[in-house]
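Reading through the structure tokens given below for one structure.
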Amino acid sequence: MLAQLYINGEWVDSSGLERIPVEDPATQTVLAEVPAATEADVNRAVAAAKTAFGEWRWQSANERAGMLHEIAHKIRAHWDELVELLTREEGKPRSENEEEFEWSANTFDYYAELGRHSRGRVIPSGEPRTQLNLVIEEPYGVVGAIVPWNYPLLLLAWKMAPALATGNTVVIKPSEMTPLSTLRFVELCCDHLPPGVVNVVTGAGATGEVLVRHPDVPVIAFTGSLATGQRIASLAAPMMKRTHLELGGKDAFVLGPDADLEPSIEALAYAALINAGQVCTSSERVYVPGTLANDFVEGLTEYVRRLRLGHGLEPGIDMGPMIGDQYRAKVEAQVAQARQKGARVLTGGRRPPGLEHGYFYEPTVLVDANHDMDIMVEETFGPTIPIMTYNTFDQAIEWVNSSKYGLGATIRTNDPLLAKRFFEEVKAGTIWINDPLTDNYAGPFGGMKYTGGARELGEEGLSTFMETKHVHWDFSAEKKSWWYPYE
Ligand code: NAD
């Protein structure tokens, strides 16, 4: 793998010498090194994207749709290579990475079609015989796309596909922990795009900040942590720059009093532990009714104990490592604090014996948790399932809404009245009733409160990359009676 940047349709050297090693989190071996792009590198990428925008914005929607479909085909044609590369650098099981690529390819197909629909509208004019009033939607220009490591291709696709479909060009800043699959993916898809339409600058936060501060980047689409989102917002505010911020979460999982236990146990294990719990919409806190608590917790603990950990490329494993030491250390600190404050660990709560070379952490079930513990209120981003018991459904809803975050929430119930109350009263961008973490290309994804208000996917995800303009057109061009001099 080349330690280079991808700018204006070609591999180029960085102007700096700093390199960032990219590790396999399951073995801690270094897979490659990528440049820490400098200010000069970012300037070069933005200049290429700005020049490319001059032509790209005038491509017909049909031509752009064709190119986006080609990108989707390209992902499918290079499936094994891309899936293996992503599994090595991100760590989650191969099957989960296959899903990530399937969703990514489908996102390009979805926006290829949505992008060719007419946009804007004609509104009633003051003088309908001689005037036309149009509401048109235009691309911003150069989009800065800053992406995290947990779903690096999917979260890129959610930005890149609608941004391109609406005529923008893109400079991507992938996570420093997972840049390799992004670089290869962009190299492949740029076979189908004019040079400069998509560019990649690798690096860490400092490189991202140069992109955020760049005067020729009018919009930043960011997915990542609350702290980084706050920093980006503060940098962008004085420039009145548009920021679309998809930040952290602390999603609740509520077991309804009428819920069937066995499928609910499997639903929760999936929702809490997929990608080792490193999903923004992971179920990170669980509320169960007192009447079902014992049987539910017992069944869940047995189920979680049976999950198999290992390298994501090993057949038959259920869970891979965490992405890095500092992320695992945060989970360990939260579990230690919860224990010290009275929570009991029923399974997990340690690094698995025999897997010392990766950043593994056993899936962990805790009971007797409460809201004085960080593990119930702060984002964990790891494979933990802390459980509290509720007495009334009112109490459960109050607890769900007590979080500063508002990304998603799940309820398991067969009672339509409970489900309706839940989706109406819970403050979160996505409500899952019985089937957690299932996205829909046409359904907007995003959060409320401290999660940020951005929306990706659906028609909303297309609007994210367009500015609205009102055009008032008078065909007569004659002097108006209300102009100077006043009567
Ligand atoms: P992060 O905020 O550390 O990094 C995200 C990206 O921002 C990386 O590319 C990083 O290099 C870059 N970055 C860091 N500092 C920057 C700065 N000062 N200026 C500009 N860019 C900067 O997040 P992470 O650890 O990569 O990802 C995990 C976080 O992402 C979690 O909090 C998770 O909840 C969140 N996330 C949210 C969603 C969502 O849709 N809401 C989806 C996935 C992940």
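The values are calculated or read from the model by the stated rules, or taken from the named source; none is laboratory data. Quick caveat: nothing in here was measured; it's all calculated off a predicted structure. For neighbour counting, all protein chains shown are included, and Cβ atoms are generated from backbone atoms with ideal geometry for every residue, glycine included. With ligands, DNA and RNA removed, areas are computed over all heavy atoms of the protein, side chains included. Shrake-Rupley method; radii C 1.70, N 1.55, O 1.52, S 1.80 Å.
Heavy atoms only, probe 1.4 angstrom, no DNA, RNA or ligands counted: give me Arg328, Arg57, Arg129 ranked by accessible area, highest first.
I get Arg129, Arg57, Arg328, largest accessible area first.
For the chain, what is the per residue volume of the convex hull drawn over the alpha-carbon atoms, in cubic angstrom?
Dividing the Cα hull volume of the chain by its residues yields 177 Å³.
Can you compute the modelled spin-label distance between Thr29 and Ser225, with each label point 7 Å from Cα toward Cβ, in nm?
2.9
Report relative contact order for the chain in percent, whole number only (criteria: Cα-Cα under 8 Å, sequence separation at least 6).
18
If you keep only loop residues by DSSP, which trypsin sites (Lys or Arg not before Pro) in segment 413-487 have at most 10 other Cβ atoms within 10 Å of their Cβ?
Answer in residue order: Lys479, Lys480.
Take every DSSP beta bridge whose two residues both sit in the chain, then give the antiparallel share in percent to the nearest 5.
Among the beta bridges of the chain, antiparallel pairing accounts for roughly 45 percent.
Taking amide H positions as placed 1.01 Å from N in the peptide plane, with prolines and chain starts having none, which residues 5 or more places from Arg242, or on another chain, fall under 5 Å of its amide H?
Distant-sequence amide H within range of Arg242: Ile220.
Once phi is turned into ³J(HN,Hα) by the Karplus curve 6.51 cos²θ - 1.76 cosθ + 1.60 with θ = phi - 60°, what whole-Hz value does each residue of segment 359-365 show in order, with x for glycine and proline?
8, 7, 8, 5, x, 10, 10
If you build the convex hull over the alpha carbons only and average its shadow over all orientations, what do you get for segment 127-214? Give it in nm² to one decimal.
Computing the convex hull of the Cα atoms and averaging its projections yields 8.0 nm².
Quick one: which residues, 5 or more positions from Phe445 or on another chain, have an amide H under 5 Å from its amide H? H modelled 1.01 Å from N in the peptide plane, none for Pro or chain starts.
Placed amide hydrogens put Glu456, Leu457 under 5 Å from Phe445.
Starting from the alpha-carbon convex hull of segment 1-102, give the projected area averaged over all orientations, in nm².
Here the figure is 8.0 nm², rounded to one decimal.
Using a probe of 1.4 angstrom, how much of the accessible area of segment 1-78 is carbon and sulfur, in percent?
The computed percentage sits at 50.
To the nearest 20 debye, what charge dipole does the chain have about its Cα centre, counting +1 at the Cβ of each Lys and Arg and -1 at the Cβ of each Asp and Glu?
1120
Report, in deg cm²/dmol and to the nearest 500, the calculated mean residue ellipticity at 222 nm for the chain, where each DSSP H run with n ≥ 4 adds -39500 (n - 2.57) and the sum is divided by the residue count.
For the chain, the value works out to -11500 deg cm²/dmol.
At 7 Å along the Cα-to-beta-carbon direction for both Glu356 and Asn414, put a label point, then send me their distance in nm to one decimal.
Taking the simple label geometry, Glu356 and Asn414 are separated by 5.0 nm.
How big is segment 312-395 along each principal axis, measuring the range of its Cα positions in Å and listing the largest first?
Principal-axis extents of the Cα atoms in segment 312-395, largest first: 44, 25, 20 Å.
Where in segment 128-170 does the label zone of Ser476 land, with the point 7 angstrom along Cα→C-beta and an amide N cut-off under 14 Å?
128-132
Determine one quarter of the surface area of the Cα convex hull of segment 257-366, which equals its mean projected area, and express it in nm² to one decimal.
The Cα convex hull of segment 257-366, projected and averaged over all directions, gives 7.4 nm².
As I understand it, the value is the acute angle between the Cα axis of helix 79-90 and the longest principal axis of the Cα atoms of the chain; what does it come to in degrees, rounded to 10?
60
Pull out a ≥ b ≥ c, the square roots of the eigenvalues of the alpha-carbon gyration tensor of segment 175-254, then state rounded if a/c is under 1.5, prolate if not and a/b is larger than b/c, and oblate in the remaining case.
Here segment 175-254 falls in the oblate category.
How long are the three semi-axes of the equivalent ellipsoid of segment 381-487, in whole Å, if each is the root of 5 times an eigenvalue of the C-alpha gyration tensor, listed from largest down?
47, 17, 14
Using a 7 Å offset from the Cα along the Cα-to-Cβ direction at both Glu81 and Glu425, what is the distance between the two label points in nm, to one decimal?
Once both label points are built, they end up 5.4 nm from each other.
Would you kindly state how much longer the chain becomes between Ala61 and Thr291 on full extension, computed as 0.36 nm times their sequence separation minus their alpha carbon distance, in nm to one decimal?
Here the answer is 77.1 nm.
Among His371, Ser481, Gly299, which residue has its Cα furthest toward the positive end of the charge dipole of the chain, with +1 on Lys/Arg Cβ and -1 on Asp/Glu Cβ?
Ser481
Just to be sure I follow the rule: in segment 369-480, considering lysines 8 or more places apart or on different chains, how many pairs have Cα atoms under 26 Å apart?
Qualifying lysine pairs in segment 369-480: 7.
Which Cα, out of Gly91, Leu235, Gly348, lies furthest along the positive dipole direction of the chain (beta carbon charges, K/R +1, D/E -1)?
Checking the options against the dipole of the chain, the answer is Leu235.
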